[in-house]
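Worksheet for the structure shown next.
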Amino acid sequence: MTRALAPGGQLTELDLAVLQHAAHGLTIAATARAIGKSAVAVQDARHRLMGKLGATTLVHAVFLACQAGILDGRPRRHGDHAGYEAHRRRGEDPTQCEPCRLGERAHRQAMRNRSNANQEAA
């Protein structure tokens, strides 16, 4: 999935992941660990996305991404039913987020258990 930009092209999934982690204050090393890429790949993606956004610094890139609606600035929920549904509302495949997929599974199991308990009590 890519996002259209005026200055320099499309943001790739890697660009978006790096941008989101930068917006949360993660270092290059921490971002690399979080997304399973090398530090060099993350650093290259940072420079590439800055060019695509027409930003002079990483902070400027995050600001421009928020202005363009690429980042919404709100915290993202993960690992529960609300996080799973938030992925769906954003047009993302929620099954690709392991914590949200597992959280949704637990939510559905809890709903089944609650339904079964109500039926037994009636």
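The values are calculated or read from the model by the stated rules, or taken from the named source; none is laboratory data. Everything quoted here is computed from the prediction, not taken from an experiment. Cβ sites come from the backbone with ideal geometry, for glycine too, and all protein chains shown count toward neighbours. The protein model used for the area step is the full one, side chains on, heavy atoms only, and it has no ligands, DNA or RNA in it. Shrake-Rupley method; radii C 1.70, N 1.55, O 1.52, S 1.80 Å.
The simple Förster model, with R0 at 30 Å and r as the Cβ-Cβ distance, assigns Arg114 and Glu85 a FRET efficiency of 0.95. Rounded to whole Hz and in sequence order, give me ³J(HN,Hα) for the range 100-111 from the Karplus expression 6.51 cos²θ - 1.76 cosθ + 1.60, θ = phi - 60°, writing x for Gly and Pro. Running phi through 6.51 cos²θ - 1.76 cosθ + 1.60 with θ = phi - 60° gives 6, 4, 5, x, 5, 4, 5, 4, 5, 5, 4, 5 Hz.
Backbone geometry of the range 36-44 corresponds, through the Karplus equation with coefficients 6.51, -1.76 and 1.60 at θ = phi - 60°, to 3J(HN,Hα) couplings of x, 10, 7, 4, 5, 5, 5, 4, 4 Hz, x marking Gly and Pro.
Ligands, DNA and RNA aside, Glu98 has an accessible area near 90 Å² when probed at 1.4 Å. Between Ala41 and Gln10, full extension at 0.36 nm per residue minus the direct alpha carbon distance yields a gain of 9.4 nm. Here the convex hull built on the C-alpha positions of the range 48-111 has a volume of 96 cubic angstrom per residue.
Residues whose amide H falls under 5 Å from that of Ala55, counting only those 5 or more places apart or on a different chain, are absent, with hydrogens built in the peptide plane.
Among Thr57, Thr31, Thr95, the largest mean-square fluctuation in a Gaussian network model of the chain (Cα springs under 10 Å) belongs to Thr95.
Share of carbon and sulfur in the accessible area of the range 60-122 stands at 50%, probe radius 1.4 Å. One Cα centroid belongs to the range 95-121, the other to the range 22-67; the line between them spans 36 Å.
To the nearest 20 debye, what is the magnitude of the charge dipole of the chain about its Cα centre, counting +1 on the Cβ of each Lys and Arg and -1 on the Cβ of each Asp and Glu? Don't jump to the answer; show the numbers that get you there.
On the way: 17 positive and 11 negative charges, 14 e Å.
Here the chain has a charge dipole of around 60 debye.
Hey, can you find the accessible area per residue of the chain for me, probe 1.4 Å, expressed in square angstrom?
Working: 7610 Å² over 122 residues.
Roughly 62 Å² per residue, with all protein chains present.
Taking all protein chains as shown and a probe of 1.4 angstrom, Arg105 keeps an accessible surface of around 140 Å². On the basis of the beta-carbon distance and an R0 of 30 Å, Gln96 and Gln67 show a calculated FRET efficiency of 0.65. Per-residue surface analysis assigns Lys37 an accessible area of about 100 Å², computed on protein heavy atoms at 1.4 Å probe radius. Multiplying each eigenvalue of the alpha-carbon gyration tensor of the chain by 5 and taking the square root yields semi-axes of 37, 15, 11 Å, largest first, rounded to whole angstroms.
Summing -39500 (n - 2.57) over the DSSP H runs of n ≥ 4 in the chain and dividing by its residue number, what mean residue ellipticity at 222 nm do you reach, to the nearest 500 deg cm²/dmol?
On the way: 6 runs with 78 residues, N = 122.
Result for the chain, helices only: -20500 deg cm²/dmol.
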